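First up is the structure itself, then whatever we jot down about it.
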Amino acid sequence: MARSLRPARADDLGLRRALSDRLLPLLVAAMTFLAALALAGAMAAAGLAEHWRTGAASMLTVQVPMPEAPAVGGTRAEVVTHALGDTLGIATFRRLSAAEIATLLKPWLGEDPGHLSLPLPAMFEVRLSGDPFDATGAAARLARAAPGTLVERNGAWLTRLADLVRSLRACAALALLVVAFVASAVVAVATRAGLAARRDAIEIVHGLGATDGMIASQFAERVMMLAVAGALLGVLLVLPVLLGLASLAAPFATADAQPLQPAQLLRALPPMLWAELVSLPLVAALIGWATAQATVRGWLGRLP
Amino acid sequence: MVRLESVGLRYGGPGGAEVLHDLNFAMAEGGFRWLLGPSGAGKTSLLRLLTLAVRPTSGRLQLLGAAVERASRAELPLLRRRIGMVFQDFRLLPHLSAFDNVALPLRLAGRPEGQVRADVAEMLRWVTLTRRAEALPAELSGGEQQRVAIARAVIGRPALLLADEPTGNLDDTQAERLMQLLRELNRLGTSVVVATHSTALVARYPGRALVLAEGRLVHDGASDDVPRAEEAT
């Protein structure tokens with residue numbers, strides 16, 4: 001009686017054949033793949049933008065026109081140098097060399113700006129320490145020491161980067177919504193196909209006293225299992241892609257700009273992304289279970 | 001137990017065909033009724049009403065103490081578990097073994113698996129299908145499938161047992177055994193309604209009979225008193 005000795009919650013409706021373990025898992029795997037890419041893309045872009053934002057926020061550029069002209073206590077460049085050294089919130093600063101300024105101006109002034117006899121300003125690259133910094137007060141103090149001195153913060157870039165991060169997150173959220181909707185539609189179609197294939201069996205067990213919940217649960221458990229299998233497959237497939245992208249993106253996010261070594265690859269993905277990848281099968285299970293429940297209960301509503 | 005008051009049934013909404021008209025009859029607990037009438041008279045529709053496969057579109061239907069026309073959907077599964085039905089076309093689940101088909105009502109009712117196995121084994125022994133317990137319906141003969149369907153209908157000791165041409169695929173010996181079972185269940189308190197075209201069967205087991213013609217109840221009395229013109233043809 002081997003076939004008879006089966007658990008009480010066995011496949012009374014024959015759903016193993018009605019809901020095949022081929023098409024639905026593959027479709028869910030594809031949806032999971034896309035969802036993982038959307039999540040990783042949003043997270044990577046946000047991370048890079050944050051990296052650039054913190055870099056830009058901690059930098060100032062100070063321009064001192066006519067740097068060699070006299071001022072009180074030395075040349076204008078010298079008094080600005082003293083003033084920067086006395087300003088709270090500045091970690092380091094340095095004056096760009098003539099060669100560095102020439103390189104910066106090369107697109108506009110050609111190879112040798114010196115032959116034009118233009119009065120080039122002194123340029124200071126200032127890195128902030130992260131402590132509170134009074135930019136307005138510092139600019140005023142520098143202007144008093146050497147009138148005409150300009151302090152340039154990267155505020156416009158910061159605003160644009162913030163807008164970029166928000167846009168990327170909104171795009172990722174929209175992509176995830178679309179993926180979830182499509183996944184739900186796929187599950188609903190598969191469940192309806194299963195209902196059509198098992199219509200007679202459902203009517204028989206319904207007539208024998210099965211509740212809507214019993215019938216819907218059999219469908220939901222089967223669909224949930226297939227969705228989890230598909231999502232796990234999707235995660236496995238997307239993982240090498242994400243690790244490859246992380247390897248390519250690593251130089252943009254680190255100071256040393258070196259590609260990752262193979263041993264560092266697994267650590268290249270942020271912990272939050274790992275958590276999201278782990279959660280994708282759970283979300284797929286939830287979508288599958290809830291969609292199957294709703295679809296079957298809706299269908300059963302036609303029976304008395 | 002079973003009471004119909006002006007019950008009508010119409011398929012396909014208000015504009016659909018009315019297949020049962022103004023039915024009135026009552027059957028006490030432990031009652032027995034033959035259900036007779038020519039093809040298309042409404043016997044199957046009445047059985048569908050009594051198995052709660054459909055609800056009446058008019059009138060009142062009292063079944064096992066519940067007003068069916070007013071009962072919520074959540075109440076109906078518990079009622080259905082107290083009703084056994086033997087279908088003319090067996091209606092076995094093709095992917096389940098004979099054992100599992102018979103076990104289905106008990107499992108749906110949440111009986112412990114140990115009790116399910118013991119009861120099913122006993123029931124299969126009674127219908128002489130112990131050796132075919134593992135067989136799928138497609139591997140069984142018509143008579144064997146009919147016996148599985150009968151075993152499934154009675155294993156839950158239903159309060160109301162309905163049968164639609166239950167002896168149609170049985171040989172004389174099996175038909176005799178089935179009628180003995182129905183009479184025994186009836187004697188133990190199960191109400192039984194048997195739809196049949198077989199005048200010989202009714203003659204062999206006389207009792208009360210309901211006769212339908214064109215969806216109307218034209219006779220409710222002793223089977224011996226059924227006018228020949230109204231009998232099954």
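Using a 10 Å cut-off on Cβ to Cβ distances, tally the other chain neighbours for every residue of B:102-109 and report the average as a whole number.
Details: counts 1, 4, 6, 4, 2, 9, 9, 3.
Per residue, the average neighbour count from other chains is 5.
Give me D for the stretch A:176-304 in µm² s⁻¹, whole number, from Stokes-Einstein with Rh from the Kirkwood sum over alpha-carbon pairs, 37 °C and 0.692 mPa s.
Estimated via Stokes-Einstein, D reaches 191 µm²/s.
Given contacts defined as C-alpha pairs under 8 Å and at least six residues apart, what's the relative contact order of chain A, whole-number percent? Let's see the in-between values first.
Values: 350 pairs, mean separation 92.2, N = 304.
Value for chain A: 30 percent.
Quick check for me: using +1 on Lys/Arg Cβ and -1 on Asp/Glu Cβ, what's the dipole size of the stretch A:8-130 about its Cα centre, in debye to the nearest 20?
Roughly 520 debye, rounded to the nearest 20.
Given bins 10 angstrom wide, list per bin the percent of all Cα-Cα distances in the stretch A:66-148, short to long.
17, 42, 31, 10, 0
Only bridges whose two residues both fall in the stretch B:101-233 count here: according to DSSP, what percent of them are antiparallel, nearest 5?
55
Please work out the average accessible area per residue across the stretch A:10-111, using the 1.4 Å probe convention, and give it in Å². Display every interim value, and only then the final one.
Values: 5470 Å² over 102 residues.
Using a 1.4 Å probe on heavy atoms only, each residue of the stretch A:10-111 averages 54 Å².
Taking chain B as a Gaussian network, Cα atoms linked when under 10 Å apart, which of B:LEU47, B:LEU93, B:LEU36 shows the biggest mean-square fluctuation?
Ranking B:LEU47, B:LEU93, B:LEU36 by mean-square fluctuation puts B:LEU93 first.
Antiparallel versus total DSSP beta bridges in chain B: what percent is that, nearest 5? Spell out each step's value before the answer.
On the way: 19 of 35 bridges.
Expressed as a percentage, antiparallel bridges in chain B total about 55.
For chain A, count the residues as N, evaluate 2.2 N^0.38 Å, and divide the Cα radius of gyration by that value, please. Show your work: numbers first, answer last.
On the way: Rg = 32.0 Å, N = 304, 2.2 N^0.38 = 19.3 Å.
Here the answer is 1.66, to two decimals.
Determine one quarter of the surface area of the Cα convex hull of the protein assembly as shown, which equals its mean projected area, and express it in nm² to one decimal. Mind dumping the intermediate values first?
Values: hull surface 155.9 nm².
The number I arrive at for the protein assembly as shown is 39.0 nm².
Nearest 10 degrees is fine. How inclined is helix A:212-253 to the longest principal axis of chain A, computing both from alpha carbons?
20
Place a +1 charge on the Cβ of each Lys and Arg in the stretch A:123-227 and a -1 charge on the Cβ of each Asp and Glu, then give the dipole magnitude about the Cα centre in debye, rounded to the nearest 20. Present the calculation step by step, with values, prior to reporting the outcome.
Numbers: 11 positive and 9 negative charges, 61 e Å.
The calculation lands at about 300 debye.
Counting only other chains, what is the mean number of Cβ atoms within 10 angstrom of the Cβ of each residue in peptide B:83-95?
Details: counts 3, 1, 3, 0, 2, 0, 0, 0, 6, 2, 9, 3, 10.
Counting Cβ atoms of other protein chains within 10 Å of each residue's Cβ and averaging gives 3.
Once you wrap a convex hull around the alpha carbon atoms of the stretch B:92-157, what is its projected area averaged over all directions, in nm²?
Numbers: hull surface 15.3 nm².
Its average projected convex-hull area is 3.8 nm².
Enter the angle in degrees (range 0 to 90, nearest 10) between the Cα long axis of helix A:135-145 and the first principal axis of the Cα atoms of chain A, meaning the one along which they spread out most.
10
Within the protein assembly as shown, what whole-number % of the accessible surface is contributed by carbon and sulfur, with the 1.4 Å probe and all protein chains included in the calculation? Please list the in-between numbers first.
Values: 16020 of 26670 Å².
About 60 percent, which is the carbon plus sulfur part of the accessible surface.
Excluding ligands, DNA and RNA, what is the accessible area buried between chains B and A, summed over both sides, using a 1.4 Å probe, to the nearest 100 Å²?
Heavy-atom accessible area buried at this interface is about 2400 Å².
Compute the accessible area per residue over the stretch B:92-157, keeping the other protein chains in place, probe 1.4 Å, unit Å². Let's see the in-between values first.
Working: 2570 Å² over 66 residues.
About 39 Å² of surface per residue is accessible.
So what's the angle, to the nearest 10 degrees on a 0 to 90 scale, between helix B:172-187 and the longest Cα principal axis of chain B?
The helix B:172-187 is inclined about 70 degrees to chain B.
Starting from the coordinates of the alpha-carbon atoms of chain B, obtain the Kirkwood hydrodynamic radius over all distinct pairs and give the value in Å to one decimal.
Values: mean 1/r = 0.0549 Å⁻¹.
18.2 Å is the Kirkwood radius here.
Where the convex hull is taken over the Cα atoms of the stretch A:161-210, what is its projected area averaged over directions, in nm²? Don't jump to the answer; show the numbers that get you there.
Values: hull surface 17.4 nm².
So the Cα hull casts an average projection of 4.4 nm².
Return the calculated 222 nm mean residue ellipticity for chain A, to the nearest 500 deg cm²/dmol, obtained by summing -39500 (n - 2.57) across DSSP H runs with n ≥ 4 and dividing by the residue count. Let's see the in-between values first.
Details: 10 runs with 200 residues, N = 304.
The helix-only estimate for chain A comes to -22500 deg cm²/dmol at 222 nm.
Among DSSP bridges having both ends in the protein assembly as shown, what percentage is antiparallel? Round to the nearest 5. Kindly include the intermediate steps, with their values, before the conclusion.
Values: 36 of 52 bridges.
Roughly 70 percent of the beta bridges in the protein assembly as shown run antiparallel, per DSSP.
Just tell me how shielded A:198-209 is by partners: mean number of partner chain Cβ atoms within 10 Å of each residue's Cβ, no decimals. Kindly include the intermediate steps, with their values, before the conclusion.
Values: counts 2, 0, 3, 6, 0, 2, 8, 5, 6, 10, 18, 14.
The shielding value for this peptide is 6.
Of the options A:PHE33, A:ILE202, A:PHE181, report the single residue whose Cα projects farthest towards the positive end of the charge dipole of chain A (beta-carbon charges: Lys, Arg +1; Asp, Glu -1).
Checking the options against the dipole of chain A, the answer is A:ILE202.
Taking the Cα of A:ALA170, stepping 7 Å toward and past its beta carbon, and measuring to each backbone N in the stretch A:48-77: which are under 11 Å?
Within reach of a label on A:ALA170: no residues.
The values are calculated or read from the model by the stated rules, or taken from the named source; none is laboratory data. Just so it is clear, the structure is predicted and the values come from calculations on it, not from any experiment. So basically every Cβ, Gly included, is an ideal-geometry build from the backbone, and we count neighbours across all protein chains shown. Ligands, DNA and RNA are excluded from the accessible area calculation, which covers all protein heavy atoms including side chains. Shrake-Rupley method; radii C 1.70, N 1.55, O 1.52, S 1.80 Å.
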